[in-house]
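Below is one structure, written out as structure tokens, with a few remarks after it.
The values are calculated or read from the model by the stated rules, or taken from the named source; none is laboratory data. As the structure is a prediction and not an experimental result, all values here were calculated from the model. Reconstructed Cβ throughout: ideal geometry from the backbone, glycine too, with neighbour counts over all protein chains shown. Calculation scope for accessible area: heavy atoms of the full protein, side chains included, ligands and nucleic acids excluded. Shrake-Rupley method; radii C 1.70, N 1.55, O 1.52, S 1.80 Å.
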Amino acid sequence: MSGTESYSRVVVFDGVCHVCSGWVRFLERHRIEPPFKLLPMQSEEGKALLAQYGIDPDDPATFLVLEQGKPYTQSDGSIRIIVALGGLWRIFEMAKVVPKPWRDSLYRLLARNRYRWFGRRDTCYLPR
């Protein structure tokens with residue numbers, strides 16, 4: 001996994017999804033300590049990490065957040081990233097009071113319809 005060992009946090013995201021790449025651009029503009037390594041799932045390293053954690057890299061229904069090697073997906077992954085922004089963003093930790101099956105159902109609805117509702121990029125977004 002070239003390069004991921006030096007990061008305690010990794011996000012594997014859909015690089016052709018407008019919503020996903022938009023969030024990654026947002027993360028790039030904010031200082032997060034320790035930083036996330038941002039990998040498009042279309043990259044070889046991203047595909048390998050998805051497969052390693054049991055996510056089909058050819059038909060992903062979620063993205064992957066790794067913190068100290070522990071995987072988070074769906075709504076838990078989203079909450080981890082938002083809370084990592086710090087400051088007032090930490091209030092999103094309260095989203096965990098909503099039962100996980102409900103949060104994940106909402107996440108899956110968005111994930112299943114992301115291209116239909118928000119479109120698809122012509123090229124994969126590569127973080128700086």
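Things to note:
- Surface composition of the chain: carbon and sulfur atoms hold 58% of the protein heavy-atom accessible area at a 1.4 Å probe.
- Under 21 Å from K37, Cα to Cα: lysines that are on another chain or at least 8 residues apart: K47, K70
- Taken about its Cα centre, the chain carries a charge dipole of roughly 500 debye when the Cβ of each Lys and Arg holds +1 and the Cβ of each Asp and Glu holds -1.
- A protection proxy built from the mean count of other Cβ atoms within 10 Å ranks the segments 85-93, 23-31, most packed first, as 23-31, 85-93.
- Dividing the mean sequence gap of close Cα pairs (under 8 Å, 6+ apart) by how many residues the chain holds gives a relative contact order of 34 percent.
- Estimated inter-spin distance, L85 and A51, nm [label 7 Å along Cα→Cβ]: 3.4
- Only aspartates and glutamates eight or more places from K100 in sequence, or on another chain, were considered; those with a Cα closer than 13 Å are D76.
- Förster radius 25 Å - calculated FRET efficiency between A61 and C124 (Cβ-Cβ, nearest 0.05): 0.85
- Isolated Cys in the chain, by beta carbon distance under 4.7 Å: C124
- Distance between the modelled labels on K70 and M94, one decimal in nanometres: 2.3 nm (7 Å Cα→Cβ projection).
- Mean Cβ neighbour count within 10 Å, used as a protection proxy, ranking 111-118, 56-63, 45-52 highest first: 45-52, 56-63, 111-118
- Average accessible area per residue (Å²) across the chain - probe 1.4 Å, nucleic acids and ligands excluded: 60
- Helical content alone sets the calculated 222 nm signal of the chain at -12500 deg cm²/dmol, taking -39,500 (n - 2.57) per DSSP H segment of four or more residues and averaging over every residue.
- Chain lengthening between E28 and R112 when straightened (0.36 nm per residue, less Cα-Cα): 27.7 nm
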